[in-house]
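Chemist: One structure, pasted below without further comment.
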Amino acid sequence: MLTPNLSVNAQGHLCIGGADCVTLAEQHGTPLYVMDENMIRQNCRSYQDVLNSECSSGGLICYASKAFSCKEIYRIVDSEGLGTDVVSGGELYTALKAGMPAEKIVFHGNSKSNNELEFAVQSGVGRIVCDNLPELARLNAVAAAQGKVVSVMLRVKPGIDAHTHDFIQTGKIDSKFGFALETGEAEEAVLAATGYANLKLVGLHCHIGSQILDTEPFAEAARVMVRFMDSLREKHAIVLPELNLGGGPGIKYIEADDPKPFGEVIRAILKAMHETCVTLSYPEPFVLFEPGRSIVGGAGLTLYTVMAKKQIPNVRTYVLVDGGMNDNPRYALYQAEYTAVCANRADQPQTERVTLGGKCCESGDLLGENMPLQAVEPDDIVAVLTTGAYNYSMASHYNRNPNAEVVMVADGEPRTIIRRESYEDIIRNDV
Ligand SMILES: *Cc1c(COP(=O)(O)O)cnc(C)c1O
């Protein structure tokens with residue numbers, strides 16, 4: 001099985017975290033997102049343990065909650081000692097409502113509204129990561145109006161080629177995020193930030209991309225950032241105490257993916273940071289990481305019911321399911337690959353190659369093409385694996401499909417953490 005929390009029971013049914021997926025589909029309906037709490041906690045610990053044991057200057061792992069945001073996930077990561085990163089007022093509101101301490105929240109975004117900045121400052125979030133010069137000015141005005149001084153970091157584009165898909169590569173110069181290092185823009189932003197009375201520049205941030213399977217791009221980003229911090233000290237006598245190295249560690253979506261264990265990724269980053277600091281005699285910064293996908297991605301799967309199968313001779317076989325791009329837009333967006341398993345025939349060989357089609361009125365509404373699958377029939381349950389990140393959080397109401405339910409499994413026991421939307425929910429704000 002793709003991830004260690006998946007198994008096949010005596011009835012030939014797929015199980016996640018010890019819970020039978022066919023039973024879950026019967027009891028909760030489909031489409032259904034299922035997440036494994038034990039795996040989420042293990043993923044948190046694989047980062048936390050290395051940070052605790054190998055980082056003398058201290059640090060904070062902030063779960064990047066855009067991967068999956070709801071009250072329960074904030075409670076879980078908080079109880080594991082993590083903070084969180086939010087990118088909107090909505091995520092911030094959810095995190096605060098779940099009891100996440102404001103000082104452990106990092107507020108991101110390349111185009112935050114004034115309302116969001118006011119909300120963030122009012123809530124007392126620990127750090128606000130600024131993306132552009134107008135935002136610095138607006139944030140300073142918001143902080144001044146509330147009589148506060150807020151801790152800010154600046155998002156820097158370190159120019160790292162992270163060997164990943166162009167769409168989700170954000171550390172290069174052609175990106176809408178942050179200040180470029182090589183053009184002098186980042187240095188200018190540091191000087192600008194230090195000039196505002198109601199902003200306290202505490203450090204720098206970079207995020208080089210996502211689904212990165214190698215450790216070296218992260219290590220290189222750490223070196224580049226420490227060297228830049230050292231140059232600020234040399235030229236301007238500015239010593240920044242914090243460095244936020246973003247998220248991005250990749251996970252196993254298909255058998256061919258071979259991600260490094262998360263502990264190894266963070267170890268490589270800390271080592272690169274430490275060595276560069278020693279070489280330059282730079283004081284080791286307090287370090288932040290923001291893993292999102294790697295905390296929740298592998299811990300989730302989505303269950304669908306097969307509605308129909310269309311075999312088009314010499315062309316392809318479509319297996320049509322009762323969900324689609326409305327609950328998982330990632331294939332439609334950037335051809336993200338997934339593994340599928342027939343949950344009620346998980347003990348049978350995958351003898352077919354199919355296109356998994358969704359229910360939305362859009363030809364591009366596919367969950368995958370050329371996917372190995374058991375010989376399924378209508379009413380079978382198909383599981384698409386590794387959907388814990390960027391699925392529920394990216395869901396839409398296209399075709400006015402209500403959002404699916406999310407069930408959390410702990411030690412084989414399921415509990416609903418997000419209820420299925422009703423038609424009444426769908427028209428709630430219609431006038
Ligand atoms: C998306 C994002 C993350 C999380 O990325 P993952 O690939 O999910 O780990 C972290 N930090 C920032 C700033 C991001 O934009």
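Chemist: Could you name the lysines whose alpha carbon sits less than 22 Å from that of K359, not counting residues in the same chain fewer than 8 places away?
Modeler: K309, K310
Chemist: OK, next. Give me the net charge for the shell around Y390: Cβ to Cβ below 11 angstrom, other residues only, Lys and Arg +1, Asp and Glu -1. Let's see the in-between values first.
Modeler: On the way: positive: K66, R293, R330; negative: none.
Overall, the nearby charge balance is +3.
Chemist: When the dipole is taken about the Cα centre of region 166-313, and only Lys, Arg (+1) and Asp, Glu (-1) are charged at their Cβ, what size is it in debye, to the nearest 20?
Modeler: 500 debye
Chemist: Can you flag which of K104/K252; K157/K271; K71/K104; K235/K271; K71/K260 are past 23 Å Cα-Cα?
Modeler: Pairs exceeding the cut-off: K104/K252; K235/K271; K71/K260.
Chemist: Here is a further query. Report the one residue of M307, P217, H205 whose Cα lies farthest in the direction of the positive end of the charge dipole of region 194-320 (charges on C-beta: Lys and Arg +1, Asp and Glu -1; origin at the Cα centre).
Modeler: Projecting each Cα onto the dipole axis, the largest value belongs to M307.
Chemist: So how do 206-215, 271-280 stack up, highest first, on mean other-Cβ count within 10 Å?
Modeler: So the order, starting with the most tightly packed, is 206-215, 271-280.
Chemist: Would you please state the base-10 log of I(q)/I(0) at q = 0.21, 0.27 1/Å for region 198-254, with intensities from the Debye formula using one equal scatterer on every alpha carbon?
Modeler: -0.81, -1.08
Chemist: Determine ³J(HN,Hα), in whole Hz, for all residues of region 201-210 in sequence, where each value follows from phi through the Karplus function 6.51 cos²θ - 1.76 cosθ + 1.60 and θ = phi - 60°; x replaces Gly and Pro.
Modeler: With coefficients 6.51, -1.76 and 1.60, one gets 6, 9, x, 10, 10, 9, 9, 8, x, 9 Hz.
Chemist: What whole-number distance in Å separates the alpha-carbon centres of region 352-431 and region 1-49?
Modeler: 16 Å
Chemist: In whole Hz, what ³J(HN,Hα) sequence does region 402-416 give by Karplus (6.51, -1.76, 1.60; θ = phi - 60°), x for Gly and Pro?
Modeler: x, 5, 6, 6, 10, 10, 9, 9, 10, 6, x, 9, x, 9, 6
Chemist: State the antiparallel share, in %, of DSSP beta bridges confined to the chain, rounding to the nearest 5.
Modeler: On the way: 33 of 70 bridges.
Counting only bridges with both partners in the chain, antiparallel ones make up about 45 percent.
Chemist: Could you work out Rg/(2.2 N^0.38 Å) for the chain, with Rg from alpha carbons only? Provide the component values of the computation, followed by the final result.
Modeler: On the way: Rg = 22.6 Å, N = 431, 2.2 N^0.38 = 22.1 Å.
Normalised by 2.2 N^0.38 Å, the Cα Rg of the chain equals 1.02.
Chemist: Over the chain, what is the relative contact order in percent, taking alpha-carbon pairs closer than 8 angstrom and at least six residues apart? Provide the component values of the computation, followed by the final result.
Modeler: Values: 992 pairs, mean separation 84.6, N = 431.
Relative contact order, the chain: 20 percent.
Chemist: Cα convex hull of region 272-431: how many Å³ per residue?
Modeler: 212 Å³
Chemist: Express as a percent, rounded to the nearest 5, the fraction of DSSP beta bridges in region 268-416 (both residues included) that run antiparallel. Show your work: numbers first, answer last.
Modeler: Numbers: 23 of 26 bridges.
In region 268-416, DSSP labels about 90 percent of beta bridges as antiparallel.
Chemist: A further question on this structure: Report the net charge of residues surrounding G263, where surrounding means a beta-carbon distance below 14 angstrom and charges are Lys +1, Arg +1, Asp -1, Glu -1.
Modeler: +1
Chemist: Let me ask another. Given H placed 1.01 Å from N in the peptide plane, which residues other than close sequence neighbours of C130 have an amide H under 5 Å from its amide H?
Modeler: M153, L154, R155
Chemist: Would you mind checking which residues have amide H under 5 Å from A64's amide H? H placed 1.01 Å from N; only 5 or more apart, or other chain.
Modeler: Amide H to amide H, under 5 Å and 5 or more residues apart or across chains, A64 pairs with D85, G292.
Chemist: Relative contact order for region 332-431: what is it in percent, counting Cα pairs under 8 Å that are at least 6 residues apart? If you can, show how the numbers build up before the last one.
Modeler: Working: 129 pairs, mean separation 23.6, N = 100.
Dividing the mean separation by the residue count of region 332-431 yields 24 percent.
Chemist: Spelling out what I want: for every residue of region 9-15, take phi, set θ = phi - 60°, compute 6.51 cos²θ - 1.76 cosθ + 1.60 (Karplus), and round to whole Hz; glycine and proline get x.
Modeler: Ordered by residue, 3J(HN,Hα) equals 8, 4, 7, x, 8, 5, 10 Hz.
The numbers here are math on the coordinates, done by the rules we state, and not lab data. It should be emphasised that the depicted structure is a prediction, and the values quoted were computed from it without experimental measurement. Virtual Cβ from ideal backbone geometry, glycine too; neighbours counted across all protein chains shown.
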